[in-house]
Every structure is written in structure tokens, then in C-alpha cells.
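Asks: My questions all concern the structure below.
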Amino acid sequence: MSSTQCTDLGRALCIITGASRGFGRTIAREMSGLVKPGSALVLTARSGDDLRSLEAELAESEAGRAGLVVECVVADLGQMEGLGSVVRASKEAFSEDIDHVILVNNAASLGDVSRDAKSFTDMAEVDSYLSLNVSSSLCLTASILQAFPQLPGLRRSVINITSLCALQPFRSWVLYCTGKAAREMMFRVLAEEEPDLRVLSYSPGPLDTDMQKVARSRTADPSIRKSFSDMFAQGQLLTCEASCAKLMKLLLEDSYTSGAHVDVYDL
Ligand SMILES: NC(=O)c1ccc[n+]([C@@H]2O[C@H](COP(=O)([O-])OP(=O)(O)OC[C@H]3O[C@@H](n4cnc5c(N)ncnc54)[C@H](OP(=O)(O)O)[C@@H]3O)[C@@H](O)[C@H]2O)c1
């Protein structure tokens, strides 16, 4: 592997979950500017209007004018049918010229942070959280790897958007911490099993998004809630653009250890 930075991500098929807002929307914008002509983006989330406004914006961009294909898939990733439609759209968007398949597992939810762990007695509630945040990520990744098997000349990269919560417990955040830890281990196993695959768990830092608003307004634990409110008040949240620029640099350099957890503050 070379440590010199490429200037593009190749003629890529980029599948980005949670592209309607927040970090996923920024990833879609930034990736669209780093792929070669002949590339395609498959953008998915539940909010169709937000996806379509992004599609329109990208169509007007330099990449759009150069022929970038953008497919929006309105889907609930917590449901099997949702996963199926993302896989179908990805197969349709693929062409023989594509030399890099990039899957960004970005979609996630915070879960109910207004309660502590001992209140989670309802298995259906926990299962529903894990369906979106863990199961869908494994099943989508597995389906995409099957749809686009290893071929000479085809690079395959799988990105997991992770968090400090995968490594560290946060009071009131039992679902989120559990989901992020499980999801990250899943990608570590994948990296061990598939040496040709490039697997990255990127921790983007505290971002100024809807998820942060929920974190600072609804977290039950007062000290955790205060630390999020303080970060916001003191201007310590990162913009999605600043964090995404570091992710793109990692992907262009392509020198990370496959399966590694890389934090924005390490870069
Ligand atoms: N914000 C932070 O401070 C922070 C810190 C560390 C890590 N992260 C991670 O960064 C990633 C992006 O977070 P964010 O802050 O951008 O969150 P966000 O603003 O809440 O956006 C979440 C995205 O996921 C999609 N999504 C949620 N539920 C879905 C479902 N059932 N099916 C399909 N899509 C669904 C949402 O789209 P729809 O609602 O349209 O479906 C949205 O596009 C997440 O993995 C998060 O855990 C965030």
C-alpha cells in the first residue's frame, strides 16, 4: 500500500446510508467531488424530500454536469425490504467501468437516552434499536459484498461511522454504546475474514447535527447532558465538513490498517 495520497476515489459506486441530513449528507457531497466521471452514488434514508433535494444539488454540481449518476432510495433500513431496495438500486447503478465499490454505513439512531439501562425491560424495544443500528449494517454489508464479489481490478471499501461510545461507556446511552460497540466488532471480524477488503471504522467526533441536539436536550444523566450542552455553548462541536475532510483524506491515502478504529482527533 502506498502512503502517497491519490487525488480521487476512482470510478466509484458509492452507497451511503443516512444521506438525507447530517454527516451522511456531507459525505455524499464530498464524495461526489472526489470520484471520476462514470461514477454513481446510491443515497438512502427515509426522508425522500431531503434525498431528492440533495440529488438536485448534486446534479447542478461539476460532478453532476460531468455525468455522475445519483440514485435515491427511500427506505427504512430497520426493515428487510428497505435493505433489499438498496441492494437492488446498487446493482442497477453498477457498470463494468466501475473500479471501486464504497459502502458507507452511516445511518444510525441515538435511541432513547432519557432513561437508564435498568429501564430497558422490553425486548421488542431493544430488538428494534439493534435491527437498525447493528443488524441492518451487517446484512447490508454482507449483501453488497455478495452482489459485488472480489474481482481483479475492483477495489472494495467498507466504512463504518462509529463513535467514542463504541469504546467508552456513557451513562443513559446504553442502546447507543451497545450498538456502536457491536457494530465495530462486526467490522473487525470482517476485516480479518476478507483481506482484500478495506474496512475502516471512522469516529467523526462531536458533530453539530440533529443527533447532537437530542443528546444535549434529552440525556437523562445530568453530567453527560451538561458536557454536551457545554460543548455546544463553547463552540467545540465540529462541522460535518471539517470531520468529513479528514475521512476523505484517510480514504485517499488508503494507508489505514483494515478494521481499525480511527478517531478524528487522532488525525
Ligand atoms: N452527531 C455526532 O455528534 C456524532 C458523533 C459520533 C458519531 N456519530 C455518528 O455519525 C453518523 C451520522 O450521525 P448524524 O449526527 O449525522 O445523525 P443524524 O443527523 O441523526 O442523521 C442520521 C441519518 O440516519 C438516517 N436514519 C435514521 N434512522 C434511519 C432508518 N430507520 N432507516 C434509514 N435511515 C435512517 C437519517 O435519515 P432519515 O431520518 O431521513 O431516515 C439521517 O440521514 C451516525 O452513525 C452517528 O452515530 C455522530
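Asks: Any lysines with Cα under 21 Å of the LYS226 Cα? List them, leaving off those in the same chain fewer than 8 positions away.
Replies: Counting by Cα, and skipping residues close in sequence, LYS226 has these lysines nearby: LYS213.
Asks: Could I have the simple spin-label model distance between ARG88 and THR257, label points 7 Å from Cα toward Cβ, reported in nm to one decimal?
Replies: For the pair ARG88/THR257, the computed spacing is 4.2 nm.
Asks: Please give the charge dipole size of segment 1-139, origin at the Cα centre, charges +1 on K and R Cβ atoms and -1 on D and E Cβ atoms. Round to the nearest 20 debye.
Replies: 160 debye
Asks: In deg cm²/dmol, rounded to 500, what helix-only [θ] at 222 nm does the chain give when every DSSP H run of at least 4 residues adds -39500 (n - 2.57) and the total is split over its residues?
Replies: Rounded to the nearest 500, it is -13500 deg cm²/dmol.
Asks: Among the lysines, select those whose C-alpha is under 23 Å from the C-alpha of LYS91, and discard any that sit fewer than 8 residues away in the same chain.
Replies: Leaving aside lysines fewer than 8 places away in the same chain, those within reach of LYS91 are LYS36.
Asks: Starting from the amide H of LEU41, placed 1.01 Å from N in the peptide plane, find each other amide H under 5 Å away whose residue is 5 or more places distant or on another chain.
Replies: Sorted by chain and number, the residues that satisfy this are CYS14, VAL69, VAL70, GLU71.
Asks: Okay, next question. Which one, LEU34, ALA45, VAL113, is farthest towards the positive end of the dipole of the chain when Lys and Arg carry +1 and Asp and Glu -1 on their Cβ?
Replies: VAL113
Asks: Related question: Run through the DSSP bridge list for segment 1-82 and note the antiparallel percent, rounded to the nearest 5.
Replies: Taking every DSSP beta bridge within segment 1-82, about 0 percent pair in antiparallel fashion.
Asks: Between GLU30 and GLU194, how many nm apart are label points set 7 Å from Cα along the C-beta direction?
Replies: 2.2 nm
Asks: Work out how much length GLU96 to LEU167 would gain on full extension: take 0.36 nm times their residue separation and subtract the Cα-Cα distance, in nm to one decimal.
Replies: Value of the extension gain: 21.6 nm.
Asks: OK, next. Net charge around GLU81, counting only other residues with Cβ within less than 15 Å of its Cβ (Lys, Arg = +1; Asp, Glu = -1)?
Replies: Summing Lys and Arg as +1 and Asp and Glu as -1 gives +1.
Asks: With charges set only on the Cβ (+1 for Lys and Arg, -1 for Asp and Glu), what does the dipole of the chain come to about its Cα centre, in debye to the nearest 20?
Replies: With only Lys, Arg, Asp and Glu charged at Cβ, the dipole is about 520 debye.
Asks: Determine, from the Cβ-Cβ distance of ASP8 and ASP266 and an R0 of 25 Å, the FRET efficiency 1/(1 + (r/R0)^6), rounded to the nearest 0.05.
Replies: Calculated transfer efficiency: 0.55.
Asks: What distance in nm separates the two pseudo spin-label positions at GLU60 and SER128, each 7 Å out from Cα along the beta-carbon direction?
Replies: Calculated label separation equals 3.8 nm.
Asks: Per residue, how large is the accessible surface of segment 1-155? Use a 1.4 angstrom probe and give square angstrom.
Replies: Here the per-residue accessible area is 48 Å².
Asks: For segment 41-86 and segment 188-236, write down the distance between their C-alpha centroids in whole Å.
Replies: 24 Å
Asks: Ignoring ligands, DNA and RNA, please state the percent of accessible area on segment 144-267 from carbon and sulfur, probe 1.4 Å.
Replies: Within segment 144-267, the accessible surface is 56 percent carbon and sulfur.
Asks: Looking at segment 46-137, which GluC sites (Glu not before Pro) are in a loop (DSSP not H, G, I, E or B) and have at most 10 other Cβ atoms within 10 Å?
Replies: Qualifying residues, ordered by number: GLU96.
The values are calculated or read from the model by the stated rules, or taken from the named source; none is laboratory data. As the structure is a computational prediction, the values presented were derived from the model and not from experiment. Note that we place each Cβ from the backbone using ideal geometry, even for glycine, and neighbour counts take in every protein chain shown. With ligands, DNA and RNA removed, areas are computed over all heavy atoms of the protein, side chains included. Shrake-Rupley method; radii C 1.70, N 1.55, O 1.52, S 1.80 Å.
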